[in-house]
């Protein structure tokens with residue numbers, strides 16, 4: 001009985017590892033993966049991470065500064081936009097395991113050349 | 001699974017009613033396990049919801065919560081040109097514009113084609129100057145210039161400097177929070193919770209909801225001590241729902257709405273026996289461009305330029321409508337512009353650059369390939385394959401109308417374009433309507449109370465305001481007339497709830 005359980009556990013473990021590997025991953029988050037899934041999945045593995053999860057490492061005000069735009073593009077800053085200020089949660093535009101588009105693109109033909117992993 | 005579990009949690013006292021059984025929860029209050037309780041529960045963070053939150057805060061409510069389904073606040077209310085028609089404001093007086101609530105209502109009744117509610121329109125128009133001041137008190141900043149929108153007999157569309165609804169939403173959100181209003185994203189309204197006599201006790205909410213992932217998050221029961229305001233907006237983004245009501249509005253028709261405009265609040269209220277009205281009156285925006293998604297920049301460009309520009313059919317090279325007629329008149333005519341095979345052949349809006357450049361929308365449409373500049377009529381005709389002679393004649397004729405102040409072709413009000421001749425260089429944008437606004441919705445009265453279909457009486461504890469309500473505008477709503485109406489009935493709901 002015990003060996004069966006161990007075997008089961010091994011198979012199960014392998015499945016989980018495989019499913020994690022099969023997913024999209026961002027190379028620059030490698031160190032986060034090393035710390036385990038729950039580093040980001042703070043609400044359990046079956047739920048989306050909370051909107052505070054990314055903010056453990058990232059700071060919205062800093063991001064807003066990094067993506068700052070000038071002149072008539074000033075309010076197209078995706079991290080500090082005219083419509084949503086600095087309040088748009090990361091996952092509205094970014095996906096760790098799935099490609100996504102900035103929500104601005106629902107209505108606008110903006111160019112965000114540095115945006116990674118865009119869903120075409 | 002989570003829905004069923006929390007449904008069962010209500011115990012033996014829970015009894016579902018009617019044909020919509022799985023959607024409704026009816027129970028004795030004491031049988032329900034409440035996860036949260038608030039004085040006022042507001043569903044939706046657009047104009048109606050936030051105006052209600054601000055007004056209730058002003059009236060001294062201590063515990064107000066606003067639930068937003070999406071990850072961002074404002075819904076459709078943040079995606080528009082930021083205009084609001086008010087009659088009889090100090091700005092109109094400064095600019096020498098004579099106007100009145102009665103005149104505004106008359107304009108709206110005409111566009112409503114016999115279906116609008118004079119009582120509800122009058123209530124909204126009379127609150128206009130109050131709403132104008134309330135938004136200014138919130139920190140909204142209006143332009144000094146008032147703009148003309150289609151179907152109006154006086155210039156009354158006040159516009160915030162952002163030229164976007166976000167110029168209302170951001171300051172109102174901030175003001176609401178300053179009154180202690182709790183605002184929560186990713187909280188999707190699921191159902192009303194009612195007592196056996198039909199009184200609304202609270203709502204079920206899916207907390208931690210991610211749009212498009214219908215099973216995400218967890219169900220909680222939220223008690224409303226004084227009342228529930230449903231301010232969830234329209235259903236323009238719900239293709240199967242809108243197409244069932246208007247077969248012409250399938251997935252191939254564009255839409256200006258936020259993703260969340262799926263009609264959840266409307267459907268839940270119908271399930272509770274509320275009276276649906278005018279659901280098939282769905283409006284398309286005649287100022288939209290097929291060269292970008294959603295509302296975009298094109299709408300702002302067209303809105304500014306319609307009065308002094310011409311809309312041209314590409315087959316004939318001629319005008320086909322009064323460019324400032326009401327929205328339905330224009331959208332219905334625009335969608336008829338087709339090539340020989342019947343495929344869409346969007347009309348061209350031709351604007352004079354010397355006037356278009358006075359509004360920032362011109363730079364935006366040019367920069368993002370929503371409109372293009374041409375040096376001559378010949379260049380336009382060549383690029384878009386138009387009959388040159390006819391187009392030249394049309395533009396000459398139009399300039400004569402500008403001079404004489406009369407448009408014998410379509411009867412356009414020409415005092416909006418006095419002295420503004422259509423001369424090169426030109427800015428040209430394509431026009432193709434997009435689903436924009438649902439005139440239909442749930443019936444309300446002048447207290448923002450929701451009316452029951454069975455009795456014609458109010459449903460106790462339940463209020464609705466904004467696009468989710470119906471019957472106000474009738475067949476077609478005038479531009480800039482939803483924003484003030486959403487806010488007026490939001491304010492009204494807050495007043496009613498505080499009195500209840």
Say whether the condition of being within 19 Å of residue B:166 (Cβ to Cβ) and more than 17 Å from the chain's Cα centre (by Cα) is met by at least one residue in region A:84-93.
yes
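Would you say residue B:218 is more than 14 Å from chain A (Cβ to nearest Cβ), surrounded by fewer than 20 Cβ atoms within 10 Å (Cβ to Cβ) and over 21 Å from the mean Cα position of the chain (by Cα)? Break it down into steps so the answer makes sense when it comes.
Numbers: more than 14 Å from chain A (Cβ to nearest Cβ): no; surrounded by fewer than 20 Cβ atoms within 10 Å (Cβ to Cβ): yes; over 21 Å from the mean Cα position of the chain (by Cα): yes.
Considered against the rule, which asks whether it is more than 14 Å from chain A (Cβ to nearest Cβ), surrounded by fewer than 20 Cβ atoms within 10 Å (Cβ to Cβ) and over 21 Å from the mean Cα position of the chain (by Cα), residue B:218 comes out as no.
Do we have any residue at all in region B:124-139 that's within 14 Å of chain A (Cβ to nearest Cβ), at pLDDT 95 or above, surrounded by 17 or more Cβ atoms within 10 Å (Cβ to Cβ) and under 27 Å from residue B:67 (Cβ atoms)? Give the derivation first.
Initial filter on region B:124-139 (within 14 Å of chain A (Cβ to nearest Cβ)): B:139.
Within this subset, residues satisfying the condition of being at pLDDT 95 or above are B:139.
Next, only the ones that are surrounded by 17 or more Cβ atoms within 10 Å (Cβ to Cβ) stay: none.
Checked region B:124-139: no residue is within 14 Å of chain A (Cβ to nearest Cβ), at pLDDT 95 or above, surrounded by 17 or more Cβ atoms within 10 Å (Cβ to Cβ) and under 27 Å from residue B:67 (Cβ atoms).
Test residue B:284 against the stated conditions and say whether it is part of a strand (DSSP E or B) and buried (at least 24 other Cβ atoms within 10 Å of the Cβ). Step through it out loud before you land on a result.
Values: part of a strand (DSSP E or B): yes; buried (at least 24 other Cβ atoms within 10 Å of the Cβ): yes.
Yes.
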Out of (1) at pLDDT below 95; (2) within 14 Å of chain A (Cβ to nearest Cβ), the one residue B:249 does not meet is (2)
Are any of the residues in region B:264-278 within 11 Å of another protein chain (Cβ to nearest Cβ), over 16 Å from the mean Cα position of the chain (by Cα) and at negative phi?
no
If we scan region B:479-493, do we find a residue that is surrounded by fewer than 24 Cβ atoms within 10 Å (Cβ to Cβ) and either more than 23 Å from the chain's Cα centre (by Cα) or over 24 Å from residue B:267 (Cβ atoms) (or both)?
no
Give, as residue ranges, the helices (runs of 4 or more DSSP H) completely inside region B:291-410 that count at least 1 residues that are more than 14 Å from every other protein chain (Cβ to nearest Cβ).
B:298-305, B:327-334, B:353-356, B:377-384, B:388-404
Failed condition for residue A:66, given (1) away from chain B (no Cβ under 14 Å); (2) modelled with pLDDT under 95, with all others met?
(2)
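Might you check whether a residue that is outside any loop (DSSP other than H, G, I, E, B), in the same structural domain as residue B:179 (by TED's automatic domain parsing) and at pLDDT 95 or above occurs anywhere in region B:8-26?
Let us first name the residues in region B:8-26 that are outside any loop (DSSP other than H, G, I, E, B), namely B:8-9, B:21-23, B:25-26.
Next, from what is left, pick out any that are in the same structural domain as residue B:179 (by TED's automatic domain parsing): B:8-9, B:21-23, B:25-26.
Narrowing the set further to residues that are at pLDDT 95 or above leaves none.
Scanning region B:8-26 turns up no residue that is outside any loop (DSSP other than H, G, I, E, B), in the same structural domain as residue B:179 (by TED's automatic domain parsing) and at pLDDT 95 or above.
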Going by the structure shown, is residue A:20 assigned to a helix (DSSP H, G or I), modelled with pLDDT of 95 or more and surrounded by 10 or more Cβ atoms within 10 Å (Cβ to Cβ)?
no
Could you identify the single residue in B:95, B:59, B:79, B:70 that is closer than 30 Å to residue B:295 by Cα and more than 22 Å from the chain's Cα centre (by Cα)?
B:95
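Take the conditions free of Cβ contacts under 8 Å to residues at least 60 places away in the same chain, within 17 Å of the chain's Cα centre (by Cα) and either under 29 Å from residue A:84 (Cα atoms) or crowded, with 24+ Cβ neighbours inside 10 Å (or both) and apply them to residue B:256. Does it pass? First the steps, then the outcome.
Details: free of Cβ contacts under 8 Å to residues at least 60 places away in the same chain: no; within 17 Å of the chain's Cα centre (by Cα): yes; either under 29 Å from residue A:84 (Cα atoms) or crowded, with 24+ Cβ neighbours inside 10 Å (or both): yes.
For residue B:256, the condition - free of Cβ contacts under 8 Å to residues at least 60 places away in the same chain, within 17 Å of the chain's Cα centre (by Cα) and either under 29 Å from residue A:84 (Cα atoms) or crowded, with 24+ Cβ neighbours inside 10 Å (or both) - is not met.
Go through region B:329-358 and give me each residue that's within 22 Å of the chain's Cα centre (by Cα) and within 25 Å of residue B:403 (Cβ to Cβ). First the steps, then the outcome.
Within region B:329-358, the subset within 22 Å of the chain's Cα centre (by Cα) is B:329-335.
If the condition is that a residue be within 22 Å of the chain's Cα centre (by Cα) and within 25 Å of residue B:403 (Cβ to Cβ), then B:330 is the only one that fits.
From the set of residues in region B:287-328 that are on the phi > 0 side of the Ramachandran plot and within 20 Å of the chain's Cα centre (by Cα), which is surrounded by the fewest Cβ atoms within 10 Å (Cβ to Cβ)? Show your work before the answer.
Looking only at region B:287-328, we keep the residues that are on the phi > 0 side of the Ramachandran plot, and these are B:294, B:296, B:317.
So of that shortlist, the ones also within 20 Å of the chain's Cα centre (by Cα) come out as B:294, B:296.
Numbers: B:294: 22, B:296: 24.
Here the residue is B:294.
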Can you find a residue that is touching a strand residue (DSSP E or B) at 6+ places or on another chain (Cβ under 7 Å), under 30 Å from residue B:138 (Cβ atoms), surrounded by 16 or more Cβ atoms within 10 Å (Cβ to Cβ) and at pLDDT below 95 anywhere in region B:462-476?
yes
Considering each residue of region B:92-109, count those that are in contact (Cβ under 8 Å) with a residue 40 or more places away in the chain and surrounded by fewer than 17 Cβ atoms within 10 Å (Cβ to Cβ), and give that number.
4
Every residue in region B:174-189 that is touching a residue at least 12 places away in the same chain (Cβ under 8 Å), out of contact with any helix residue (DSSP H, G or I) (no Cβ under 6 Å at 6 or more places or on another chain), within 14 Å of chain A (Cβ to nearest Cβ) and at negative phi, please.
B:174, B:183, B:184, B:185, B:187, B:188
Of the numbered conditions (1) touching a strand residue (DSSP E or B) at 6+ places or on another chain (Cβ under 9 Å); (2) at negative phi; (3) within 14 Å of another protein chain (Cβ to nearest Cβ), residue B:86 satisfies every one except a single condition; which is it?
(3)
Has region A:85-100 got any residue that is within 21 Å of residue B:217 (Cα to Cα), without any contact (Cβ under 8 Å) to a residue 40 or more places away in the chain and in a helix (DSSP H, G or I)?
yes
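Given the options B:326, B:313, B:291, name the one that is at pLDDT below 95 and not assigned by TED's automatic domain parsing to the domain that holds residue B:189. Talk me through it step by step, then tell me what you get.
Values: B:313 fails: at pLDDT below 95; B:291 fails: at pLDDT below 95.
After applying the criteria, what remains is B:326.
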Kindly indicate whether any position in region B:149-162 is surrounded by 20 or more Cβ atoms within 10 Å (Cβ to Cβ) and within 14 Å of chain A (Cβ to nearest Cβ).
yes
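The values are calculated or read from the model by the stated rules, or taken from the named source; none is laboratory data. Computed from a predicted model, the values in this text were never measured in an experiment. Don't worry about glycine lacking a Cβ; one is built from the backbone with ideal geometry, like all the others, and counts go over all protein chains shown.
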